[in-house]
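**Q** Structure in structure tokens, see below.
We did not get these values from a lab; they are worked out from the coordinates using the rules stated. Just so you know, these numbers come straight off a predicted model, no measurement behind them.
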């Protein structure tokens, strides 16, 4: 699992194939499962790793996927 700075998404086993194809311009988007990002942000803050990871960019992505009625969109295509 890793954070792609360019597209602003968490890449893991589930979306890696889409990410590879989209990063090689084979597809216009990559599906991003936002709940995984939410699960990562909390422990990053808890263990004080803010200086080692792009936490501001991760938080911005989370703010962008919040639903008006509350919660997060399960996934977005980036």
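**Q** Okay, helix-only estimate at 222 nm for the chain: each DSSP H run of n ≥ 4 adds -39500 (n - 2.57), divide by all residues, round to 500 deg cm²/dmol; what do you get?
**A** Details: 3 runs with 31 residues, N = 78.
For the chain, the value works out to -12000 deg cm²/dmol.
**Q** Can you give me the P(r) profile for the stretch 1-73? Cα pairs, bins 10 angstrom wide beginning at 0, each as a whole percent.
**A** 18, 49, 29, 4
**Q** Want the number for residue 59 to residue 24: 0.36 nm per residue separation, take away the alpha-carbon distance, what's left? The partial results should precede the final answer.
**A** Working: separation 35, 0.36 × 35 = 12.60 nm, distance 2.61 nm.
Stretched out fully, the residue 59 to residue 24 stretch lengthens by 10.0 nm.
**Q** Compute the acute angle (0 to 90°) between the alpha-carbon long axis of helix 55-64 and the principal axis of greatest extent of the alpha-carbon atoms of the chain; round to the nearest 10°.
**A** The answer is roughly 70 degrees.
**Q** How far is helix 34-46 tilted, in degrees, relative to the longest principal axis of the Cα atoms in the chain, given as a value from 0 to 90 rounded to the nearest 10?
**A** The two axes meet at around 30 degrees.
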